[in-house]
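Down below is the structure, laid out as structure tokens.
Read-outs: derived from the displayed coordinates by stated rules, not from any lab. Treat the numbers as computed from the prediction; the structure is a model and nothing was measured. Don't worry about glycine lacking a Cβ; one is built from the backbone with ideal geometry, like all the others, and counts go over all protein chains shown.
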Amino acid sequence: MDYKKAALEVLQNVGGEENVISIMSCFTRVRVEVKDKDKVNDAQIKKIEGCQGLNWASNTIQIIFGGKCNDVYDELEKIVHISDSGEEEATAVVKKKKSVGAVIIDYIANSIQPIVPILIASGFIQSLLAMLNYINIDTTTYTYQVLYAIGQAGYYFLPIFLGFAAAKKLCVNPYIGALVGAVLVYPTLIELGSAGGTASFIGIPVTLVSYASSITPILLSMPVVMLINKLAKKISPKVLSSLLIPIITMIISIPVILIVTGPIATWIGNGLCGGISFIFTKMSVVGGIIIGAIAPYLVMTGVHNGIALPITLTELASQGFSYFFPLLAYGNIAIGGAALGVWFKTKNSKMKTTSMSASLMAVVGITEPALFGVLLPAKKPLISLGIMDAICSAFSLAFGVKCTALSLCGLGGLPAFFGDTFVIWCILMTVSFVGAFLITIFMGFKDIPEEQAV
């Protein structure tokens, strides 16, 4: 496959470089945020070699390339020249009416998505070390300490990574965002915050909080930084703007965060975690059925990063494990089972090839090729996802199944689920896969014409 050609065709059919606000990638999708959706040629994009489908989330088109995604993205990054400073605001975006909820979810999702690889890498190392501890590995060796540092750093310095990504999303210099996050995890402030209590800043009382591994404070604070940054631009003389803007932004932002938004966000995060914990422990069966019935379809709507990841990260930061993340895994592996059911039933030779490879990827934890390339065109197999995830999620919460780190949401993230509920998780994953496979076979679907297969 010619990745450069694919990248050029993507750029051409999203309206050219002048219509692009930003580009990002995840495991399987190239995400292009555009100014005007009407300039994007969906039909032509679907014909690009390697494209397995596309999906819209607000003004962002998500083009699914599967395992070829990063190669296409690398070529696209070479030919699209977008200022990385964040200073160039996206004022040319064609305005569409969006609800407050949609704006918030879009902000959270686009702030968290770029740092997911960091969290998965650190989470995998954490989980691997936890498994090795069961065989009494020597934890005093330098090798162990280096691996331990890799596992912990991705989460401990989370405010720095989130600050960078959130600032970029809000058109603030991302390095200002990173500096804000760095101040929040500065060792002296962390030490004071861990002790709790109060202090004072120029006579104003400050509630001392530890912001290490936190996500809510930095996400809630960056819009405040954006407003202060805009104010700094207005009042700074042009000749001194490069010097005064960052100084004014930091001097005003940090006290406001430490005095106001940081503690408030911490209380919100603790309240959210308490509510989640109540649902998962006191209303386990009902909560599992409701969440499981909805969870597999979050990816289709493009809000999974804005809802699922913050919940998981909040749980991990506050209690060291997550009840919620395993519920997503049952839906993912059900997608694999349903895709295998399509492979079993379809007479379309191209769809047979696509559905088999997509099924294997979904089992590992990468679901977009199966979801958008197989199940959405077939339609009826989508029903099996909610059914199996609801059933397995109810049992999962009833038995207290949990994971200890963010990982691939499937068998690719196996170490994260290792622990005293690992066997139950494996059983439920098997049930979800087989159940979705059988439901797809017995329910059937209208076969996909050869020309419509990916």
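Taken as entire DSSP H runs, the helices of the chain that both span 27 Å or more between Cα atoms along their own long axis and average -1.0 or more on the Kyte-Doolittle scale are 216-235, 262-282, 324-345, 422-443. Here is the list for region 319-377: trypsin sites (Lys or Arg not before Pro) lying in DSSP coil, each with at most 16 other C-beta atoms within 10 angstrom of its C-beta, are Lys347. Remark on the chain: Rg and Dmax equal 23.1, 75 Å (Cα only). Annotation: amide H of Ser25 within the under-5 Å range of Arg31, sequence separation 5 or more or interchain, hydrogens built in the peptide plane. The HN-Hα couplings worked out from phi for region 32-49 by the Karplus form 6.51 cos²θ - 1.76 cosθ + 1.60 (θ = phi - 60°) are 10, 8, 10, 7, 10, 5, 5, 8, 8, 9, 4, 4, 6, 4, 4, 8, 5, 4 Hz, whole numbers, x standing for Gly and Pro. Database remark: amide H of Leu408 closer than 5 angstrom to the amide H of Gly413 (H placed geometrically; neighbours at sequence offset of 5 or more, or on other chains; Pro and chain starts carry no H).
A cut-off of 5 Å between modelled amide H atoms, ignoring neighbours fewer than 5 places along the same chain, links Lys380 with Lys446.
Relative protection proxy for 244-252, 161-169, 38-46, from highest mean packing down: 161-169, 244-252, 38-46 (other beta-carbon atoms within 10 angstrom). Here is the tail figure for region 252-360: Cα pairs spaced more than 20 Å apart come to 56 percent of all pairs. When you count the other C-beta atoms within 10 angstrom of each residue and take the mean per peptide, 335-341, 2-8 line up highest first as 335-341, 2-8. Overall dimensions of region 157-272, expressed as equivalent-ellipsoid semi-axes from the Cα gyration tensor (√(5λ), whole Å, largest first), are 24, 16, 12.
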